[in-house]
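K.L.:
Next up is a structure, given as structure tokens.
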Amino acid sequence: MDVVYLNGQFIPWDQARISPDDRGFLFGDSIYEVTRWYGGYFFDLPSHAARFRRSLHETRIIWEEESRFEEISEELIHHNGLGTECAMVYFQATRGVAPRTHAFPDPPVKPTVYGFARRQSLNTLASERGVGIWLTPDPRWNRCDIKTTALIANILPYQEAHDKGFAEVCFVRNGFVTEGAHSNIFFVRDESLYTHPENNDILAGITRKNIISIARSNGINVIEEAVAADMIPYMNEALICNTTGEIVPATRISDQVIGDGTPGPVTKRLQILLRELIQSGDPHR
Ligand code: PDD
């Protein structure tokens with residue numbers, strides 16, 4: 001039986017109970033974080049912890065034990081016997097339980113904090129062969145920098161892409177490619193790497209940040225500028241990235257084949273460099 005964390009306790013999953021008046025359930029008034037465990041250590045846990053705390057602060061959700069994020073994540077791994085496995089840890093905090101009204105509960109209530117760990121291996125087929133992604137107008141709000149669980153604007157386009165046989169959907173805002181429903185996107189043109197700058201239009205991905213860092217320290221030019229959707233036919237390579245999938249080549253974007261339709265040399269090099277960084281265990285080395 002899986003062991004989950006709920007409001008200060010580690011309990012069997014089937015004993016976890018959440019009120020129907022929880023604001024996460026009623027409003028999506030809630031934030032989350034996803035980390036990855038590599039059979040002995042988390043990769044770049046400090047960056048995930050910092051982003052989780054930032055999401056709490058930006059949404060004014062007060063969790064007095066926010067400093068325990070790292071420790072609870074580790075405990076979830078060990079309570080579930082995942083110490084030597086590859087796994088993901090999901091962590092969520094909602095504004096808590098209160099009768100439905102838009103205003104914050106007054107007096108404030110404790111947040112609902114939930115976490116689980118799950119065995120998860122990499123989709124090696126996608127990493128080796130590449131995937132197709134669907135491009136569509138970005139229907140999301142203008143605080144995409146917050147990792148909120150209010151994800152219906154990600155889910156509806158993702159499902160449309162999924163139904164068409166694509167592995168991810170990427171969004172276009174004001175003519176420029178922003179990011180995927182659950183990934184960031186990079187393009188390669190003339191040996192340079194392009195990705196949307198960090199601002200309210202994208203989530204500041206931890207994988208994105210580490211790719212930029214390994215690229216720069218290995219002599220690959222990185223330009224943090226958004227790519228116009230109508231420039232996609234001129235791109236040599238594209239890739240999507242996130243914590244659970246690492247780097248996945250994007251070999252087709254909607255009807256456009258990228259490069260020769262197979263993973264390109266810069267993408268493959270970045271995959272190797274990221275793997276080395278992950279195996280070293282320390283992105284700050
Ligand atoms: N999603 N952009 C969005 C909208 C995301 O949801 C994610 C991650 C990323 C990549 O961030 P990172 O490299 O820190 O994982 C970018 C997670 C994996 C999810 O929702 O499951």
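K.L.:
Given segment 127-212, what strands (runs of 3 or more DSSP E) lie entirely inside it while holding 2 or more residues that are within 17 Å of the chain's Cα centre (by Cα) and either away from the ligand (no atom under 13 Å from the Cβ) or under 29 Å from residue 56 (Cα atoms) (or both)? Spell out the reasoning first.
P.N.:
Values: elements: 131-137, 168-173, 176-180, 184-189, 192-195.
Filter on segment 127-212 gives 168-173, 176-180, 184-189.
K.L.:
Something else now. Which residues, counting only those in segment 1-30, are in a helix (DSSP H, G or I) and either touching a helix residue (DSSP H, G or I) at 6+ places or on another chain (Cβ under 6 Å) or not polar (S, T, N, Q) (or both)?
P.N.:
13, 14, 23, 24, 25, 26, 27
K.L.:
Any idea which of (1) touching a residue at least 40 places away in the same chain (Cβ under 8 Å); (2) open to solvent by 60 Å² or more (accessible area, probe 1.4 Å); (3) in a loop (DSSP other than H, G, I, E, B) is the one residue 61 doesn't satisfy?
P.N.:
(2)
K.L.:
When the residues of segment 110-125 are filtered to those that are more than 17 Å from the chain's Cα centre (by Cα) and surrounded by 17 or more Cβ atoms within 10 Å (Cβ to Cβ), which remaining residue is farthest from residue 74 (Cα to Cα)?
P.N.:
Checking each candidate, the answer is 111.
K.L.:
Oh, and also: Which condition breaks for residue 76 when tested against (1) surrounded by 15 or more Cβ atoms within 10 Å (Cβ to Cβ); (2) in a loop (DSSP other than H, G, I, E, B)?
P.N.:
Residue 76 satisfies every listed condition except (2).
K.L.:
Looking at segment 216-239, is at least one residue within 16 Å of the ligand (Cβ to nearest atom), in a helix (DSSP H, G or I), in contact with a helix residue (DSSP H, G or I) (Cβ under 9 Å, 6 or more places away or on another chain) and open to solvent by less than 20 Å² (accessible area, probe 1.4 Å)?
P.N.:
no
K.L.:
Another question, then. Which residues, counting only those in segment 132-147, are in contact (Cβ under 8 Å) with a residue 40 or more places away in the chain and open to solvent by 20 Å² or more (accessible area, probe 1.4 Å)?
P.N.:
Residues satisfying the conditions are 134, 135, 138, 142, 143, 147.
K.L.:
Here's something else I'd like to know. Out of segment 236-264, which residues are touching a residue at least 40 places away in the same chain (Cβ under 8 Å) and β-branched (Val, Ile, Thr)?
P.N.:
240, 243, 244, 247, 248, 251, 253, 262
The values are calculated or read from the model by the stated rules, or taken from the named source; none is laboratory data. All of these numbers come straight from a predicted model, not from anything done at the bench. All Cβ positions, glycine included, derive from the backbone under ideal geometry; neighbour counts span all protein chains shown. Remember, those area values only see protein heavy atoms, side chains included, never the ligands or the DNA or RNA. Shrake-Rupley method; radii C 1.70, N 1.55, O 1.52, S 1.80 Å.
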